[in-house]
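Input: a single structure, listed below in structure tokens.
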Amino acid sequence: MAQSARLPAQRQDAALDSSRERVLGEVPRRQALWVGGQLVGALGAALSTVWATQPELGLVLSIGLGASAVNPRRLWAAPLVVGAVVATSLPFMMLGLPAVVTAGFAAGVAATLLLPHRTDALDLLNGGLATLAGASLGLWAATTLLPASLPVVMSAALTALIVGVVASQGLLPSALRFETRVTLPTRAMVRRSLKVTYRPPVLRGLELYDAIRARAPFREMRKGLAEVATWIWRLQVTLQGLDRELESIDVEDIAGRIATCEPDPAGDRFTQERRKATAEHLKRILEHRDAIVTERERTQAAVEYAIAYLEEARAGLAIAQTLPGEHAPQRLHEVLAELRRHAEAGDARRRTARELDEL
């Protein structure tokens, strides 16, 4: 029983670990989808004579189609991705600049947005820059290695293949960063994993984290605070599992069953041994229940400790930040002295005026 009580937390940890492994393990498949989509786009451009007349436009179209293919469940976004890649590349084409630069960046951003796992602004930037560099290097390699005498269809296919293989490496930074960063539970994850009565501590932890994240000066500090907020969620999942195990153990029922297992001296020996063994198992269940109660108290104490930690961090950052009362304005004393002189002059003027009136 004590081991089964820990299973919910173990399942959550295993789910997080498997998601990390899954995100990194899916990169080769998504890269293959990118290359395949780009190859299809290049062949379509070659067969429609776009590649023969406007090879740069054909390459841009193929890059956009390759980026839109990284997530087959979101293929509906392919026209939007291709349109965005072409729209960002047209100004460069009109100015005679290499359009692969803007096409690579736009395709990297779009492909990162289409990924099913959570991404942020830094992932988009990393994906765009990595794809920009990859597409540029791939185009340089293709123009260097491929002879100009190749047929249009073969040239388009090989160029798209080389550019796609290198450009699709832009998917890797997001997956690697997912391995190292702390993934906070979303409100939807909290609702799915916890009953209503177990949600308030997690929501309080997320609220505290959101309140102090902007004031935390260092990235590692923000990462540590995110780990604490995530820890509260895992503790609450464990607490919910422990309570479920406690509810499944009826102490009065087990005590009654133990009482019925008292050995009968005149009874059958086999029956006496089985009843004795049954009583021992039932007593062990009660011992396990006591261990679960202790584990629940420890988990509850850890939740309270984590929330207090975040509350202290919030108050500490409020004290640590630079406040306007620390230093007076530089001209404060100068202005104050000038005001005093002005007041003294005004008082002297009024006193003089009264004396003249009396005369």
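Going by the conditions given, is V70 assigned by TED's automatic domain parsing to the domain that holds R118 and either aromatic (F, W, Y) or within 17 Å of G170 (Cα to Cα) (or both)? Judged against the criteria, V70 is a match. Cβ-Cβ distances below 6 Å connect the following pairs, each with a first residue in the stretch 114-129 that is in contact (Cβ under 8 Å) with a residue 24 or more places away in the chain, a second residue that is among the hydrophobic types (A, V, I, L, M, F, W, C) and part of a loop (DSSP other than H, G, I, E, B), and a separation of six or more residues or different chains: L114/V70.
If the condition is being over 25 Å from the mean Cα position of the chain (by Cα) and under 21 Å from A142 (Cα atoms), then the stretch 67-85 contributes only V85. Which of the residues belonging to the stretch 117-141 are in contact with a helix residue (DSSP H, G or I) (Cβ under 7 Å, 6 or more places away or on another chain), under 17 Å from L59 (Cβ atoms) and surrounded by fewer than 22 Cβ atoms within 10 Å (Cβ to Cβ)? Once the filter is applied, which keeps residues that are in contact with a helix residue (DSSP H, G or I) (Cβ under 7 Å, 6 or more places away or on another chain), under 17 Å from L59 (Cβ atoms) and surrounded by fewer than 22 Cβ atoms within 10 Å (Cβ to Cβ), the stretch 117-141 yields S136, L137, A141.
Determine, yes or no, whether L146 is of a type outside the set (F, W, Y), within 17 Å of V35 (Cβ to Cβ) and surrounded by fewer than 17 Cβ atoms within 10 Å (Cβ to Cβ).
So L146 passes the test.
With respect to the conditions (1) more than 37 Å from the chain's Cα centre (by Cα); (2) in contact (Cβ under 8 Å) with a residue 24 or more places away in the chain, S149 falls short on a single one, namely (2).
Please tell me if A211 is over 25 Å from G316 (Cα atoms) and either touching a residue at least 24 places away in the same chain (Cβ under 8 Å) or in a helix (DSSP H, G or I) (or both).
For A211, the condition - over 25 Å from G316 (Cα atoms) and either touching a residue at least 24 places away in the same chain (Cβ under 8 Å) or in a helix (DSSP H, G or I) (or both) - is not met.
Name the residue that is modelled with the highest pLDDT, counting only residues in the stretch 98-116 that are surrounded by fewer than 22 Cβ atoms within 10 Å (Cβ to Cβ) and touching a Gly at 6+ places or on another chain (Cβ under 9 Å). It comes out as L113.
The values are calculated or read from the model by the stated rules, or taken from the named source; none is laboratory data. Owing to the predicted nature of the structure, the values given are computational and were not obtained by experimental measurement. Heads up, the Cβs are rebuilt from the backbone with ideal geometry, glycines too, and the neighbour counts pull from every protein chain shown.
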